[in-house]
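Participant: Sending over a structure as structure tokens; questions will come in a sec.
We did not get these values from a lab; they are worked out from the coordinates using the rules stated. Computed from a predicted structure; not experimentally measured. Using ideal geometry, Cβ is built from the backbone for each residue, glycine included, and neighbour counts are taken over all protein chains shown.
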Amino acid sequence: MNDSLKLMFGNVFINFVSLKTDIECKDIFQAHQVFLQKQDGAKFDIWKNMSYALNIPSKKIHDYYHNTWSKQFYDDINPYRIQIQKLVHNSKIQESMQDTVKNVISQLKQLYPKITLHFQTVYQYVNYQVKNRNKINDQLVSKNEVQSSQKESVSETVQILKQSLEALEQDSKPAFMDIYDGEYTKDCTCQQQTQVSETNSISFNEQMQLLNIDQLLDFDSL
């Protein structure tokens, strides 16, 4: 809506709120306060009558009031955005977004008793913060799952390598012992043969000595 329609909206709003409540409202501020005290059914009748007067669908009248026109009666949210972020981050998210927003507004009023915030504006901002918080949490969970999976994979790989090395060590040990035992046996055999040879050599020398003695004896007899 342009400025002229905005002005017209305010005038029509005052007239129909005064008509439906039997309270003569002097300005849009008084009309707005009276309107907030009405039940939803009475509010719907006001949207319907304003729709006829402005030739605009009642839903557009309703949305324009809540999302745009009524903001002028509330404090600016910008100075409280950081505080709202902290409240959303530290608060338990309710099942209903409206309950979450009401909880945030209630906590803000405890911190700033005189504050009046536009519900739809706070709703949109809190909804954005909740989605952002959930997105970050999902990313952290996903990252932790990936890291955990990688750790498990590395652990499994290390275990497999360890088992492979143990198996290789078991397979290599008998072969080494066989080779070692073979060399040892071969060495022992050589030593035994040497000992036998030495024994045979000693026996031969002894025989030669005996032969010489016999020859000497024979020579003396001559």
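Participant: So which of Lys6/Lys59; Lys86/Lys114; Lys109/Lys131; Lys6/Lys86; Lys92/Lys131; Lys109/Lys135 end up more than 25 Å apart by C-alpha?
Facilitator: Working: Lys6/Lys59 16 Å; Lys86/Lys114 20 Å; Lys109/Lys131 23 Å; Lys6/Lys86 35 Å; Lys92/Lys131 13 Å; Lys109/Lys135 28 Å.
From Lys6/Lys59; Lys86/Lys114; Lys109/Lys131; Lys6/Lys86; Lys92/Lys131; Lys109/Lys135, over 25 Å: Lys6/Lys86; Lys109/Lys135.
Participant: Another question about this same structure. All other residues with a Cβ under 15 Å from the Cβ of Leu19 taken together, and with Lys, Arg as +1 and Asp, Glu as -1, what is their net charge?
Facilitator: Summing Lys and Arg as +1 and Asp and Glu as -1 gives +2.
Participant: In nanometres, what is the gap between the two model label sites at Gln37 and Gln72, each 7 Å from Cα along Cα-to-Cβ?
Facilitator: 2.2 nm
Participant: At what distance in nm do the modelled label points of Lys109 and Ala53 sit from each other, each positioned 7 Å from its Cα along Cα→Cβ?
Facilitator: According to this spin-label approximation, the distance is 2.9 nm.
Participant: Sticking with this one: For the stretch 1-113, what class follows from the C-alpha gyration tensor (a ≥ b ≥ c being the square roots of its eigenvalues): rounded when a/c is under 1.5, otherwise prolate if a/b is larger than b/c, else oblate?
Facilitator: It comes out prolate by the Cα gyration axes.
Participant: Given H placed 1.01 Å from N in the peptide plane, which residues other than close sequence neighbours of Asp75 have an amide H under 5 Å from its amide H?
Facilitator: Hits under the 5 Å cutoff: Thr116, Leu117, His118.
Participant: Next up: Net charge within 12 Å of His118 by Cβ-Cβ distance, Lys/Arg positive one each and Asp/Glu negative one each, not counting His118 itself?
Facilitator: Counting the neighbours of His118, the net charge comes to -1.
Participant: Quote to one decimal, in nm, the extra length available between Glu169 and Ser155 on full extension: 0.36 nm per residue of separation minus the C-alpha distance between them.
Facilitator: 2.9 nm
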